[in-house]
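Written out below as structure tokens is the structure these notes cover.
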Amino acid sequence: MTEGDFRGKPMVLFFGYANCESICTVALPLMGAALNALGDSGDAITPVMITVDPEHDTPEYLARAMARYHPRMVGLTGTPAALAEARQAFQVQVVQVAEDPVGEPIYAHGGFIYLIDAGGNVVSVLPPILSPDRMAELMRRHLLQEQAPQG
């Protein structure tokens, strides 16, 4: 997938990794719950997580892991250069800070959720501390406004 695959579609975007036991376990379920709170209108928004751990987050692994948070959640990985470019575009820093007891990396990484409109513009940056209803309200306002019926 490339940026072009999302052109014309609003997105809610987060940078994280599938085995994250910290901020990802807050942000990803929040994104899914907010989409569910939008009902059918939420179908217009694509939820995306871009991995910060491409060594472990294979496409197959991401597909299984993201399904836990929302059936339409897309997990993206890529080459180190492509992922670095994506992180740079959103000013996301990633640092391996430790290893867990079985030797898997633990990363400190950006924690914001980005709302990106159908034109590819970041229209809001949200902390993952909102309620699902508040996040849904902001998604509706910033991402679905151009799709609202005129009248």
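Taken together, the values in this text are just the output of simple stated rules run on the coordinates, not laboratory data. Since the model is a prediction, treat every value here as computed from it, not as a measurement. Here the Cβ is made from the backbone with ideal geometry for all residues, glycine too, and neighbour counts use every protein chain on show.
Quick check on the exposure proxy: order V94, V52, V12 from fewest to most C-beta atoms within 10 angstrom.
V94, V52, V12
How do M11, M73, M139 line up, fewest other C-beta atoms within 10 Å first?
Neighbour counts put them in this order, fewest first: M11, M73, M139.
Once the Cβ-Cβ distance between D40 and A63 is put in as r, and R0 is 22 Å, what FRET efficiency do you end up with, to the nearest 0.05?
Efficiency, from the Cβ-Cβ distance: 0.40.
Quick one: what does P(r) look like for the range 9-147 with 5 Å bins over all Cα pairs, in whole %?
Bin by bin from 0 Å, the calculated values are 2, 11, 21, 24, 21, 13, 6, 2, 1, 0.
Using the count of nearby Cβ atoms within 10 Å as a rough guide to exposure, how do H56, H109, H142 rank from fewest to most?
Final ranking by Cβ density, sparse to dense: H56, H142, H109.
Longest exposed-loop-site-free stretch of the chain, with GluC sites (Glu not before Pro), DSSP loop and at most 11 other Cβ within 10 Å?
Longest gap between qualifying sites, sites excluded: 56-151.
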